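Step one of this worksheet: look at the structure below.
Nothing in this text is a laboratory measurement; each read-out follows from the coordinates by a stated rule. Just so we're clear, the structure is a prediction, and the values are computed from it rather than from any experiment. All Cβ positions, even for glycine, are placed from backbone atoms using ideal geometry, and neighbour counts span all protein chains on display.
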Number of protein chains: 2
Amino acid sequence: MTTKYEALLDKVYEIHDLNKALAVLSWDKEVNMPAAGLDARVQQMTTLSRFTHLLSTSDDYGGLIEDAAAELNGAPYDSNEASLIRYLRRSYEDARKLPPEFVARSAEVSGQARAVWAQARAENDFASYQPWLEQVIELCQEQAELYGYEDEKYDALLDKYEYGMKTADVRAIFEAVKAELVPLRQAIAERGTAVDDSVVHQSFDIDTQKKFARYITDAVGYDFNRGHLGTVVHPFATSFSRNDARITTRWYPDFLNPSLFGALHESGHAMYEQGTHPDLARTPLARGTSLGIHESQSRMFENLVGRSRAFWQAHYPRLQSLFPQQLGSYTVEDFYRAINKVQPSFIRVEADELTYNFHIILRFELEQAMLNGELAAKDLPEAWNAKMEELLGVVPPTDSQGCLQDVHWTRPGFGYFPTYALGNLYGAQFWETAVSQNPAILDELNQGQTTSLLAWLRENIHQYGRKFTPGELVQRVTGRPLDHAAFMRYVTAKFSELYAL
Amino acid sequence: MTTKYEALLDKVYEIHDLNKALAVLSWDKEVNMPAAGLDARVQQMTTLSRFTHLLSTSDDYGGLIEDAAAELNGAPYDSNEASLIRYLRRSYEDARKLPPEFVARSAEVSGQARAVWAQARAENDFASYQPWLEQVIELCQEQAELYGYEDEKYDALLDKYEYGMKTADVRAIFEAVKAELVPLRQAIAERGTAVDDSVVHQSFDIDTQKKFARYITDAVGYDFNRGHLGTVVHPFATSFSRNDARITTRWYPDFLNPSLFGALHESGHAMYEQGTHPDLARTPLARGTSLGIHESQSRMFENLVGRSRAFWQAHYPRLQSLFPQQLGSYTVEDFYRAINKVQPSFIRVEADELTYNFHIILRFELEQAMLNGELAAKDLPEAWNAKMEELLGVVPPTDSQGCLQDVHWTRPGFGYFPTYALGNLYGAQFWETAVSQNPAILDELNQGQTTSLLAWLRENIHQYGRKFTPGELVQRVTGRPLDHAAFMRYVTAKFSELYAL
């Protein structure tokens, strides 16, 4: 290590510390803060954001990066030093592409749009939100021009969440998923055996749910000595360091799934952060490399592990012992079928493992159309409902249950949604590779354990943090670019058996 | 309001936001953070501190203060603007008196001293801590010279916690307290009727304790809509704005007092912050004016209210209903006597309302002797034990239960201790004034209510935040400087009756 690189590191640590301070304020806002504290908290976060933005876009900082880059010229591509320089150059350039005026205006519009949207959704009044959606679309268009792109506009936005991935690639993969998944969904609807999921819809004491959530996240390897479980309205995971990576969940008194699968999902995210290499600490490399790869980890523990028969054969007795009255008369097979019930529905966040992807593909297609000026805000409800019919075979009775359901379109965040479905696909592709490289993973799962799986993930994915782009990572780990094949093999096998197709 | 003052306010808001961000990180560290997260959290807090220190000691900032002061020349003394300028000038000058080298060295020594102290206390090994105590004393001496003083060295340090108060004044007041309190303590020991406090030493379910803590702090007026109750090892209160002022407490499974009186104590602190005037928001005036005045609020709700017979006559039935097995056979009088048992003891934080002050007077006297070079570190244990004998009539069997018990002397913080006892004295003086100005306060207390008391405190104390110095405030509110008379009247009447002297 050398002088110019060390000088850069000092600045990197400083910016990192301030960004993590901001993350603590944000976490506290969701978990502990009384609602009345919001105005002051927004002021505190705005001030802190302004400082980190100033520091991370300054000419001085750019100079430090380039000086260190020149000094390190020839460092191996895989080295921490070269990887950090690559990441810093990219994020520095991106940050400087957005003028402060745009950032401020964007925050202003988003703040107001969010308030109007909340009321519009509550009152099923799309017309009142329409002018704000128009502004959000314009912001997305402006942002795409500011970032720049080679092939198509959407690339500029997608790139911010899934660096290096092209819209054309995602489109091709999603088309392939659609081509196979729509018939599978239809076959289940037409020929599948019915599933009774009343087992998960009963009265469940919340303190007991909390106890089980701690048990089950501990069982999959989430390290509570370096973590914390909090209660929130909208669950998320966050980390302030690899030694303080937190999960949150919510508790329904009459429905077991949200807390159970929410906790498993978030622990998947948090284990990724807990598993980053200590040498990356206090730098922006010490976190998941993209939203899609991050989602692959959460979905793996929520679905591939957490909705598998093997896993519950081991853990269901414990759940039964905590809820003897509710579960005593239900077998593990009853429970397994209930948590895997396929049921096309209107709301994305309530969707099952199979139909969830349709909700994402729909949004991905509509975002492109709005961004490219092919779909006007006023025509969104109609377009939404048509795609729901095409992909899911159901049409929401109201816009509140349709195009107004998500908060995402209150800010210029087009390009974010596809990462949810990409996570499912990455997850399945990683899983196939992991199991082929270490068959003991399946043996352990039959005992309800994931030790070897987590070790494999740490070795092949977690430790690298953001050193490699998602494209580089999936190629290194699985030997090929992302495609739909592993995911389709997984869902086809699982649901054909489940529904006796 | 004018341009230069507005320019100053922008900078004041910025520094305030960063200081409050630091407070959030500190709160989270005590309440939620896994122990493994400490190193990263210290880094984050150090970076944030460095920024706020740089901003609040810069030449630019000094210029802004003076420009605004010149512009506001002639503004009424009581105005928010003039009060803010007075406060900023003072804190700016103080902050610049400590060179960065001293601040860094001081933090370094304190960090190491704390670790050595923790082990020395655990092993009752004063000798191993002695060299570190010597360094801490030297740092205090150096700090006093850096700050400067007119009359005596200790003034320079006391001033940082109780602005404007002189050591000679505190000495005179404490001497007067001693002269009356020692005989009262002796009379209780010799002629008082014995108290059985087994009622509070039983098994108490912690969740039920939490329920009652929420009930009783709500009952005295702590606003949970602008607050939060957390669990910690060492209880404290903090605020991130007047709309987010938090309390913490700890729970013992076999002893009711810590959670009960801890929660009342911290709610007294937090209500002070909740009661600051909204116009002071986002400035350093929006908090309690000194440690002593702050402590007067916490002690008032812990002791004058929370250990009064009237209060428990109203609330004891509720406590009984939550712990029917434990409390069913004890009367409210049994309970009242138990929570007011006078018992000289070794440990300050476990001391009763009457003997607590001796623990503080002892530390105040020893700190001066060490600061002035009249007492060497090596002679501290002996001096400590002699004063314990003189003031409390008991001598600790070990240094761990003696001069090693507090964390305070691991940092250059001489001058902090006396504010604890000053709080008791301020509190009694405020209380007498409040009751004489509004006798309904006592009538309400008989109903277990403190609405008029809190209204009086808000009107006369809380709303002003830091606009006035503690000396100014006590003069404005009570018409005279602080003295020992009200406190002695209060404890003499209360404990003479209780112990049938």
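Laid out as a table, the results:
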{"quantity": "Computed FRET value (nearest 0.05) for residue A:314 with residue B:325, which takes r as the C-beta separation and R₀ as 35 Å", "calculated": "0.30"}
{"quantity": "Likely footprinting exposure, A:484, B:277, fewest C-beta neighbours within 10 Å first", "calculated": "B:277, A:484"}
{"quantity": "Proximal charge balance of residue A:396 [Cβ under 13 Å; K/R count +1, D/E count -1]", "calculated": "-2"}
{"quantity": "DSSP H segments from chain A that extend 24 Å or more along their own axis, Cα-based, with Kyte-Doolittle mean of -1.0 or above", "calculated": "A:3-31, A:38-57, A:100-122, A:126-147, A:167-191, A:257-274, A:418-437"}
{"quantity": "Using a 7 Å Cα-to-Cβ projection, residue B:93 label spacings across copies, nm, ascending", "calculated": "5.4"}
{"quantity": "Zone residues, the range B:162-197, relative to residue B:390, backbone N less than 20 Å from point 7 Å out along Cα-to-Cβ", "calculated": "B:167-187"}
{"quantity": "Teacher prompt: residue A:394 distances to equivalent labels in other copies, 7 Å Cα→Cβ, nm", "calculated": "6.9"}
{"quantity": "Long-range HN-HN contacts of residue A:239 with modeled amide H, under 5 Å", "calculated": "A:246"}
{"quantity": "Global form of the range B:219-366, assessed from the alpha-carbon gyration tensor, a/c cut-off 1.5", "calculated": "oblate"}
{"quantity": "Difference of contour (0.36 nm per residue) and Cα-Cα distance, residue A:10 to residue A:257", "calculated": "84.4 nm"}
{"quantity": "Rg(Cα)/(2.2 N^0.38 Å) for the range A:98-501, N = residue count", "calculated": "0.98"}
{"quantity": "Cross-link table A:11/B:29; B:341/B:467; B:178/B:341, entries beyond 28 Å C-alpha to C-alpha", "calculated": "B:341/B:467"}
{"quantity": "Simple label model, 7 Å out from Cα along Cβ direction - residue B:374 to residue A:201, nm", "calculated": "8.0 nm"}
{"quantity": "Taking B:83, B:436 and counting other C-beta atoms within 10 Å, the order from fewest to most", "calculated": "B:436, B:83"}
{"quantity": "Per-copy distances of the residue B:42 label point, shortest first, in nm (7 angstrom along Cα→Cβ)", "calculated": "3.7"}
{"quantity": "Shape parameters for the range B:374-478, alpha-carbon atoms, Rg then Dmax in Å", "calculated": "19.7, 54"}
{"quantity": "Proxy reagent accessibility, fewest Cβ within 10 Å first, across A:236, A:51, A:358", "calculated": "A:236, A:51, A:358"}
